[in-house]
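This report refers to the structure that appears directly beneath it.
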Amino acid sequence: MDLKQRLDKEVLHRNNTDELSLDKPDPLIIAKKFNDEWISLICALFAYGNAGQIVKFLSSLDFSLLNKSEDEIKEKLKEKYYRFQKSEDVIVFFIAIKRLKEKSSLEDIFYDGYKKDFSVLEGIMSIIKSIKDAYPYDSQGYNFLIGKEAKRDKDQNIKETGNSPYKRYNMFLRWMVRDDHLDMGLWKRVLKKDLILPLDTHTFKVGQKLGLLNRKTYDLKSAILITQKLREFDKNDPMKYDFAIYRMGQEKIV
């Protein structure tokens, strides 16, 4: 069995709701419960660390606060913290999202950047900038949560080397753009073929073991290279392989 056949078989096996259960924790469980682009973004950006702890934290959040006053957000979240984020970081994040939500849709914010060159990276930069503009705030935990705007070359193109893979944003985009038993497909204007693999340190190692990548540096370029390889298997929907690759690593199948 060649690699494409192996991955295609794994995709068929994984594409069912049984893959999203509390004994197989994934932040997508919480996101799907609400089926909302803003709540999904919150779920994605807190998705770092142990999967069980992520789901536990997300389950404890009251997302209805996004429709409440800023004073109520401050009051209700004053005891909330998660790993690198202190309660102040969580509060600021919720207020920034609330402010954006009142003015625009998240898809519109993303599309404003994406439409220039059909670049999901430019769309991600548009979201990051909008969050920071909605509530200017600076702390280590908050900057980690929101992510940095990408380094650019002299022509203002996003550099592939020297930038992070933007794993959590790319995972969020997979949820929004793809539509199957796992992903929600809430956005209709972004093309599946433009998505980039949500590369983390685990899928990076799995990609190397499977022969999808022979590069040793964990960065944006590696995410793009793996994505290009997966496009050879399915040019219109390369990210259908993402969840399968992630589970193969998690379950030590490779």
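To the nearest 0.05, how large is the calculated FRET efficiency for T161 and K86 if R₀ is 35 Å and r is the Cβ-Cβ distance? List each step's numbers first, then the result.
Details: r = 32 Å, r/R0 = 0.92.
Taking R0 as 35 Å, the efficiency between T161 and K86 is 0.60.
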## Note on the structure
Between D117 and E232, Cβ-based FRET efficiency (R0 22 Å, step 0.05) works out to 0.50
### Summary
Candidate span helices, the chain: DSSP H, at least 30 Å along axis from Cα coords, Kyte-Doolittle average at least 1.0, result none
#### Entry: Rounded to whole Hz, the Karplus (6.51, -1.76, 1.60) HN-Hα couplings of the stretch 139-156, x for glycine and proline
7, 4, x, 5, 5, 5, 4, 7, x, 8, 5, 5, 6, 10, 8, 5, 8, 6
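Can you divide the C-alpha Rg of the stretch 3-250 by 2.2 N^0.38 Å and report the result to two decimal places?
Numbers: Rg = 17.6 Å, N = 248, 2.2 N^0.38 = 17.9 Å.
Relative to the 2.2 N^0.38 Å estimate, the stretch 3-250 comes out at 0.98.
If you take every residue apart from A96 with its C-beta less than 14 Å away from the C-beta of A96, what net charge results, scoring Lys and Arg +1 and Asp and Glu -1?
The answer is +1.
Sort D219, D18, D179 so the one with the fewest other Cβ atoms within 10 Å of its own Cβ comes first. Mind showing how you got there, number by number?
Details: D219 18, D18 9, D179 14.
The most exposed by this proxy come first: D18, D179, D219.
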## Note on the structure
Checked against a 22 Å limit on the C-alpha separation, the offending pairs among K33/K252; K86/K252; K24/K252; K167/K252 are K33/K252; K86/K252
### Query
For a label point 7 angstrom out from the Cα of H202 toward its Cβ, which stretches of the stretch 223-247 have the backbone nitrogen within less than 20 Å?
223-224, 226-227, 239-247
### Query
What span do the alpha-carbon atoms of the stretch 88-199 cover on each of the three principal axes, reported in whole Å from largest to smallest?
37, 36, 24
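Throughout, read-outs are computed from the coordinates displayed, never taken from laboratory work. It should be emphasised that the depicted structure is a prediction, and the values quoted were computed from it without experimental measurement. With ideal geometry, Cβ positions are generated from the backbone for all residues, glycine too; neighbour counts draw on all protein chains shown.
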